[in-house]
1. Using θ = phi - 60° and the Karplus relation 6.51 cos²θ - 1.76 cosθ + 1.60, list the HN-Hα couplings for segment 50-61 in order, rounded to whole Hz, with x at every Gly or Pro.
2. Calculate for the chain the 222 nm mean residue ellipticity that helices alone would give, adding -39,500 (n - 2.57) per DSSP H run of length 4 or more and normalising by residue count, nearest 500 deg cm²/dmol.
3. Please give the peptides 96-104, 118-126 ranked by average Cβ packing (other Cβ atoms within 10 Å per residue), highest first, as a rough proxy for protection.
4. Applying the Karplus parametrisation 6.51 cos²θ - 1.76 cosθ + 1.60 with θ = phi - 60° to the phi angles of segment 66-76, what ³J(HN,Hα) value in whole Hz is obtained for each residue in order, glycine and proline being reported as x?
5. So what's the net charge close to Asp101: Lys and Arg +1, Asp and Glu -1, counting the other residues with Cβ under 10 Å from its Cβ?
6. Summing Lys, Arg as +1 and Asp, Glu as -1, what charge do residues with Cβ under 11 Å from the Cβ of Glu60 carry, Glu60 excluded?
7. If you place +1 on the Cβ of every Lys and Arg and -1 on the Cβ of every Asp and Glu, how big does the dipole about the Cα centre of the chain come out, in debye to the nearest 20?
8. How big is the chain by Rg and Dmax over its Cα atoms, in Å?
Amino acid sequence: NMACFTREDSPRMDFESVLSKLTWLKSLRLIMTYDGRLGDEGAVSISKAITNIKGLKKLELLLGCCSLTNQGAISLSEGLYELNKLEELSVELWGNQGLTDEGVISVCKSISGLLHLRELELNLTNCQEIADEGFSAIVKSLSDLRDLRGLSLALFRCEKLTEIGVFELGRALMMLHS
């Protein structure tokens with residue numbers, strides 16, 4: 001059972017009221033890429049909506065270039081935290097220039113609590129304000145995911161990531177499930 005919503009479905013969709021009727025979903029894909037109107041307010045609505053879908057096993061949040069800031073990422077993380085049956089997660093936050101370490105840390109803390117997660121895709125490409133502290137949060141969340149079998153990280157053009165952050169991330173990846 002899968003539902004897919006795109007930004008063309010409605011310029012300002014009330015996700016909470018729409019998804020409240022779809023609590024039986026096992027898989028959900030939200031494609032809002034390049035929708036600068038979504039912003040943090042839309043992230044709050046998405047977060048509230050996904051918490052109502054208790055049996056969700058697969059979630060794709062494609063939110064690249066949606067004018068999200070740390071507040072939007074924190075709101076999303078609150079929703080993710082509630083999805084304890086989630087097995088597959090894709091979070092694409094690329095191109096959200098208002099996103100910094102604070103937002104990434106919040107999202108990663110929620111991800112680390114998803115104990116049944118087998119597949120993770122995290123795309124932070126061109127989020128130019130994320131530095132080593134944010135990447136350390138990614139490393140920490142990966143070490144907590146014991147069931148993880150598939151991983152995709154896109155970190156291109158994250159210009160504040162230093163060699164130290166790259167080394168730490170590489171070391172953590174090598175130690176996964178060892």
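The values are calculated or read from the model by the stated rules, or taken from the named source; none is laboratory data. Owing to the predicted nature of the structure, the values given are computational and were not obtained by experimental measurement. Methodologically, a virtual Cβ is constructed for each residue, glycine included, from the backbone with ideal geometry; neighbour enumeration extends over all protein chains shown. For the accessible areas, the whole protein counts, side chains as well, though only heavy atoms, and no ligand, DNA or RNA atoms are used. Shrake-Rupley method; radii C 1.70, N 1.55, O 1.52, S 1.80 Å.
1. For segment 50-61, the Karplus curve yields 6, 5, 7, 9, 5, x, 4, 10, 9, 9, 10, 10 Hz.
2. Only helices count here, giving -11500 deg cm²/dmol.
3. So the order, starting with the most tightly packed, is 96-104, 118-126.
4. Each residue's phi maps through the Karplus curve to give 10, 6, 7, 10, 4, 4, x, 5, 5, 4, 4 Hz.
5. Net of charged neighbours comes to -3.
6. -2
7. 640 debye
8. 15.3, 47
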